[in-house]
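Have a look at the structure below before the remarks.
The values are calculated or read from the model by the stated rules, or taken from the named source; none is laboratory data. Note that this is a predicted model, so its numbers are computed, not measured. Here the Cβ is made from the backbone with ideal geometry for all residues, glycine too, and neighbour counts use every protein chain on show. Calculation scope for accessible area: heavy atoms of the full protein, side chains included, ligands and nucleic acids excluded. Shrake-Rupley method; radii C 1.70, N 1.55, O 1.52, S 1.80 Å.
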Amino acid sequence: MKISAAFLILLAPAAWAAAPVLTELQPRGAELGRPFTLTVVGQYLGDGARVTSTLPAAFTPVVVPPKPGMMQMDRTAAFLVELKADAKPGVYPIRIETAVGISNVLLLTVGTFPEVVEEESQPYSKPNRNDSIETAEAVRAAPVTLNGTLRGAERDIFRISGKAGERRVFEVEARRCGSAVDPVLRILDGSGKQLARADDSPGAGLDPRIDFTFPAEGFYYVEVTDARFSTQAQNFYRLKMGAYTYAESIFPLGGPRGKQVSVTFSGGRAGAGVASTVDLSKIDPRAAFALASLPDSGALPMVFAVSDLPEMTKSKDGVLPVPSVMNARLDSPKEVDRYQVKVEPGDKLLFELQARDLGTSRLEGVITVYDAAGKKLDSAGDKPLPEDVFAVQGTSRTSNDPFLNVTVPAGVHQIAVTVEDLALRGGPLYGYRLITRRQAEDFTLSLGSPYLNVPAGGTAMMVIGADRRGWDGPIQLTVPNLPKGVTVEGGMIPREFIDANNTRSFNRRAVMTLTAATGVEFAPQDLEVWGEAKLSDGTVLKRRARGPGLLVDVNGATAQGVVDRQRSLTAPWLDMELPVALAEIAQATLEVHESGVKVMEEGVRHEYSYTWKLRGKGMPPKNVEVDVVGVRDVRVIDFKSADDHMSGTFAATTTKATDAGHYNLYVSGKVKMDDGDVAVVSPVISFDVTGGTTSVASSQ
């Protein structure tokens, strides 16, 4: 009740300082066919550090002499990287493993052009050395990929030469490669006059691309800036220059698992269309995404959706089978695609769009359902969000792809489903996937943390978010493949309901704690997190939680109304679940016990005691934080702490208005140790509320 969601998400990965942390890769990219030295920068990258990655390459540790004056905490490690013959252009995750945990992921990009580093980004270089035309850095070769950085309110300018009529592509790779920079690209002449500008380009997400023809022979200038001149920790970019083929769109946007799918790349230098095939026959059976590459191109691949439902493309009769995935496109402005669905009264259907969230469509979709007489039954995508922050802002918006739950009314045996763009746009960039299932109650789950280090003899926490798609009841989460010696507690998402004041309770979050027994050992592995719900018709629905892949903060984000360019950067296309590793022995633990239950006139009082246990010298906090997940009408009161703060008590009180259900409670705090503050969390304790009274089901 006292801990913000943002704090919860950050707590687990940062809890134990000895686990490795990555802050930078040097370089951020490499050319196919050329060995290179990869230097990883961060903390606690000690002896025995090794790289894990999907990049087909051999990573051999390189001994690097320490630099004079280098701080402690093992800030660098180096590896000779030798790419294998089957390596392809793309973006790959880099993670470090040590004997005491795993690191976060940073992304490394592999391309087809020679790689150079901006002079200003070299070690010990003076800042702002190429911020004007007069001081522009000369780039003498093309094709080339130039690796640079933007330090807040600065601009990087590069001088190039061109011949009259020569056509060249200029492209910045940033957000697609794990950078928090929102790049803007401009081409200038010698007087500083703008000849071309790009911010967000089709097929490149928030990254810009300019296809430019030089009007005359001479010098020209390429400028890269951040759209908001913001200061970011991940502030790198890759400026690619050359005469290469690229596409702005792909169709269809996805295909069936186990098949080879014919696709067409179009737009840009792909022109009217380049046919290709995406092989989905050998992908991981759990994967929700694949990557589609334009043949014979150095452009980065596009994300491609994968499903297990029957797939089809739009036909003339407009019949929409159930279940199915309809692959279609709004070919012209103001176009409305219409489908007929045979139904029976009482049928429950779920319609979902995949478009914008894939990054390969600009569709701001609207789904509408009508009965046979043309009466509108419902719609999605054209209504305000509960927080009232809906907006269409070019390529940056607050909404996600819409979904619509429909229960067929009495007397209705056929319905019509339409798909359109909210701004009535259309064309090659407005493809979509309409997913139809005979199921009106559903949910999806996402992990709030991209990885987890569990301290030996201690506890770590993870947060799971739910996207409710018609199901308002409780969801219980489990981890079926726990390592031996590790226990899990919590994972309950209470139901949502509308109270007597017509106010909806929003429960979209669960907390789970993992505790490793003292002396336990296990190798780094991926955990599966599953959510289970018993639907109103008795069906048991199970859904697997998906991880963000990586989590890169973007400075300037706001809590409400945040749009794409300000959201924390994730990479769900990596198809990661929850990588977990065993960390160092816990420096501090926090034990919590239920010490009594008192039935009061207006509710129930739960009394708890807590005890700190420390390894070595340390100072626990005077006060602890208590969170009762997803429950309203509960107060946490009467905090008392011993003189040495090594123990204490508190109480949680319910009322007669507290909704009946199963709830999770946990306690956390920061201990001051010799090596710095250590964030500690207790295992979750569970309790039940029934008709205004409460029973305790201790998790310990």
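Points worth noting:
- The range 480-536, subset among the β-branched types (Val, Ile, Thr) and part of a loop (DSSP other than H, G, I, E, B), residue modelled with the lowest pLDDT: THR503
- Identification of strands (runs of 3 or more DSSP E) wholly contained in the range 386-467 with 1 or more residues that are over 30 Å from VAL520 (Cβ atoms) and either open to solvent by less than 50 Å² (accessible area, probe 1.4 Å) or at pLDDT below 95 (or both) yields 403-407, 414-421, 431-437, 442-447.
- When residues of the range 41-51 are limited to those that are under 17 Å from ALA99 (Cα atoms) and of a type in the set (A, V, I, L, M), the one nearest to the chain's Cα centre (by Cα): VAL51
- Looking across the range 306-351 at every residue that is of a type in the set (A, V, I, L, M, F, W, C) and assigned to a loop (DSSP other than H, G, I, E, B), the one that is most open to solvent (accessible area, probe 1.4 Å) is identified as VAL336.
- Test: residue in the range 98-112 that is without any contact (Cβ under 8 Å) to a residue 60 or more places away in the chain, under 30 Å from GLU521 (Cβ atoms) and among the aliphatic types (A, V, I, L, M): yes
- Among residues of the range 338-365 that are closer than 15 Å to ALA328 by Cα and of a type in the set (D, E, K, R), those with a beta-carbon under 6 Å from a residue that is in a strand (DSSP E or B) and open to solvent by 10 Å² or more (accessible area, probe 1.4 Å) at least six positions away or on a different chain give the pairs GLU352/PHE403; GLU352/ILE435.
- Test set (1) within 23 Å of ASP674 (Cα to Cα); (2) under 35 Å from the mean Cα position of the chain (by Cα); (3) open to solvent by less than 80 Å² (accessible area, probe 1.4 Å) - ASN623 fails condition number: (3)
- Set ALA196, ALA216: member being assigned to a strand (DSSP E or B) and either of a type in the set (Gly, Ala, Ser) or free of Cβ contacts under 8 Å to residues at least 40 places away in the same chain (or both): ALA196
- Any chance VAL169 is outside any loop (DSSP other than H, G, I, E, B), surrounded by 13 or more Cβ atoms within 10 Å (Cβ to Cβ), of a type in the set (A, V, I, L, M) and in contact (Cβ under 8 Å) with a residue 60 or more places away in the chain: yes
- Residues within the range 140-155 that are open to solvent by 30 Å² or more (accessible area, probe 1.4 Å) and either in a loop (DSSP other than H, G, I, E, B) or hydroxyl-bearing (Ser, Thr, Tyr) (or both), tallied: 6
- Single unsatisfied condition, ALA233 versus (1) hydrophobic (A, V, I, L, M, F, W, C); (2) more than 18 Å from LEU358 (Cα to Cα); (3) touching a Gly at 6+ places or on another chain (Cβ under 8 Å): (3)
- Scanning the range 488-504 for residues that are over 18 Å from LEU477 (Cα atoms) and either of a type in the set (D, E, K, R) or crowded, with 16+ Cβ neighbours inside 10 Å (or both) yields ASP499, ARG504.
- Remark: GLY267 matches the filter, which requires a residue to be open to solvent by less than 40 Å² (accessible area, probe 1.4 Å), in contact with a strand residue (DSSP E or B) (Cβ under 6 Å, 6 or more places away or on another chain) and on the phi > 0 side of the Ramachandran plot.
- All of (1) surrounded by fewer than 16 Cβ atoms within 10 Å (Cβ to Cβ); (2) at negative phi; (3) touching a residue at least 60 places away in the same chain (Cβ under 8 Å); (4) not basic (Lys, Arg) hold for GLY676 with one exception: (2).
- Qualifying residue in the range 284-294 (condition: over 26 Å from the mean Cα position of the chain (by Cα), at pLDDT below 95, among the small types (Gly, Ala, Ser) and not in a strand (DSSP E or B)): no
- Complete set of residues in the range 204-242 that are open to solvent by 40 Å² or more (accessible area, probe 1.4 Å), aliphatic (A, V, I, L, M) and more than 24 Å from THR360 (Cβ to Cβ): ALA216, ALA233
- Out of GLU137, GLU115, GLU82, sole residue that is open to solvent by 30 Å² or more (accessible area, probe 1.4 Å), at pLDDT 95 or above and under 27 Å from PRO183 (Cβ atoms): GLU115
- If you go through the range 119-134 and keep only what is under 21 Å from ILE94 (Cβ atoms) and surrounded by 15 or more Cβ atoms within 10 Å (Cβ to Cβ), you end up with just SER121.
- Residue ID - modelled with the lowest pLDDT, chosen from residues in the range 28-65 that are among the charged types (D, E, K, R) and open to solvent by 60 Å² or more (accessible area, probe 1.4 Å): ASP47
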